[in-house]
Amino acid sequence: MRPSIKSHRDLEVYRRSYELALRVHRVSLSFPDFEKYELGRQLRQATKSVPANIAEGFGKRKAAAEVRRFLLMALGSCQEVTVWLDFCRDLGYLVQAEYDELKEGYEEVGKMLNKLIQVWR
């Protein structure tokens, strides 16, 4: 870990996942009313779980195994998001360009998490 990282907010993967979660939250509010509380809720929970698990893991940074465990949970949530995004696209709640941007963002976050899991000590 670099000495300049004092908070989970200093991690690029945290910032990127937080921004994506906010974006997805806003997009989900345009879903049909019944889907705001069904698919939208599942999607919002999964997106918020990514930065939340990164933050919780960072809070346990004295124990590398615990950090990795929470980063793995964040990675799992990241993968879950891509499934919900597929549903949103296939049900017509996301246009293809919006879907592509969000899916690419979560794929990028997944790669960042994988790298962080590998190098965390």
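The values are calculated or read from the model by the stated rules, or taken from the named source; none is laboratory data. On a predicted model such as this, the values are computed, not experimentally measured, just so you know. For neighbour counting, all protein chains shown are included, and Cβ atoms are generated from backbone atoms with ideal geometry for every residue, glycine included.
For this structure, a couple of remarks:
- Taking residues in the stretch 104-118 that are on the phi < 0 side of the Ramachandran plot and at pLDDT below 95, and partners anywhere that are assigned to a helix (DSSP H, G or I) and of a type outside the set (Phe, Trp, Tyr), the pairs with Cβ atoms closer than 8 Å and at least 6 places apart or on different chains are Leu116/Val13; Leu116/Leu71; Ile117/Arg68; Ile117/Leu71; Ile117/Leu72; Ile117/Leu75.
Each row is one residue, and each column tells you yes or no for (1) among the small types (Gly, Ala, Ser); (2) under 15 Å from the mean Cα position of the chain (by Cα); (3) farther than 27 Å from Val119 by Cα.
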site	(1), (2), (3)
Glu38	no, no, yes
Val67	no, no, no
Met73	no, yes, no
Tyr93	no, no, yes
Lys103	no, yes, no
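- Filtered residues of the stretch 1-57 (kept if among the hydroxyl-bearing types (Ser, Thr, Tyr) and farther than 15 Å from Tyr106 by Cβ): Ser4, Ser7, Ser30, Tyr37
- Which numbered condition Arg61 misses (of (1) assigned to a helix (DSSP H, G or I); (2) in contact with a helix residue (DSSP H, G or I) (Cβ under 8 Å, 6 or more places away or on another chain); (3) of a type in the set (D, E, K, R)): (1)
- Only one of Phe31, Phe87 that is assigned to a helix (DSSP H, G or I), touching a helix residue (DSSP H, G or I) at 6+ places or on another chain (Cβ under 8 Å), aromatic (Phe, Trp, Tyr) and over 24 Å from Val119 (Cβ atoms): Phe87
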